[in-house]
Ligand SMILES: [Zn+2]
């Protein structure tokens, strides 16, 4: 059995795990995400040293933001700016093992397609619904990279006159259907911060229904466009709000007989990132 180390850099936590090629986690560590890239390198290296045991053949790192997986270059790092120092190179030198870097959603999709909700399916689209919206596409069993950064599915625009997005366009689903967007819809409707999507789904009033409609309908439009473009076997929704989004979408089925595709919740939860990163590093050419 082969082992690799998977690292998942999140906004608040970094997860690290020693993973076997059947997707089982042998050892793991979690720590708070440091504020600077230099501190992040030290934290990752320390955690790897604790769980390595000399068994890992390679190291995979899932990074939020835009990444060129073939070169390891990070264009933007989300919460911590990793676009400067080539930290994959540094880790490779320190640890003596090849380091593979990709977008965190690509890593999560790898795990879900091997061991989770999309097990065995060759054509899968994943959207991660959290603070923002991430995404990844698997076509014929391979993660689609395009020239470098394919799969930025949070930036599918469903309204050319919609709210401005960080990417420079308007009406991207990150602005309408992310966790941040949902919180804004709830605040605008005068709901307390403690209100959850679960509460909304149980609300039997027009206010709850209208919030869920404003949140889920743009997401439905984007999913239908993805199905039209890619014709996947399955659409998987992950991230902290993935399961809630699947439930909310049930009230907004596709209106088109052409674009039918099952939408399912991710199954591997917080472990998808580290499992996918480890397995991707074993499968990627050095
Ligand atoms: Zn955008």
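Quick look at the numbers
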| read-out | value |
| --- | --- |
| For residue 32: the one exception among (1) in contact with a helix residue (DSSP H, G or I) (Cβ under 9 Å, 6 or more places away or on another chain); (2) closer than 11 Å to residue 7 by Cβ | (2) |
| Those residues of the range 148-195 which are surrounded by fewer than 22 Cβ atoms within 10 Å (Cβ to Cβ), away from the ligand (no atom under 12 Å from the Cβ), in a loop (DSSP other than H, G, I, E, B) and in contact (Cβ under 8 Å) with a residue 24 or more places away in the chain, in sequence order | 148, 149 |
| Of all residues making up the range 201-245, the number that are crowded, with 19+ Cβ neighbours inside 10 Å and without any contact (Cβ under 8 Å) to a residue 24 or more places away in the chain | 2 |
| Condition check for residue 264: crowded, with 16+ Cβ neighbours inside 10 Å, out of contact with any helix residue (DSSP H, G or I) (no Cβ under 6 Å at 6 or more places or on another chain) and assigned to a strand (DSSP E or B) | yes |
| Qualifying residue in the range 124-144 (condition: more than 12 Å from the ligand (Cβ to nearest atom), at pLDDT below 95 and not in a strand (DSSP E or B)) | yes |
| Elements of type helices (runs of 4 or more DSSP H) contained in the range 6-120, each with 3 or more residues being surrounded by 15 or more Cβ atoms within 10 Å (Cβ to Cβ) and modelled with pLDDT of 85 or more | 37-52, 104-115 |
| All positions within the range 125-136 that are surrounded by fewer than 24 Cβ atoms within 10 Å (Cβ to Cβ) and in contact (Cβ under 8 Å) with a residue 60 or more places away in the chain | 130, 131 |
| Members of the range 161-207 that are over 17 Å from residue 245 (Cα atoms) and touching a strand residue (DSSP E or B) at 6+ places or on another chain (Cβ under 6 Å) | 162, 164, 165, 169, 170, 171 |
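The values are calculated or read from the model by the stated rules, or taken from the named source; none is laboratory data. Quick caveat, the model's predicted, so the values are computed rather than measured. Positions of Cβ are generated from backbone atoms using ideal geometry, with glycine treated the same way; all protein chains shown enter the neighbour counts.
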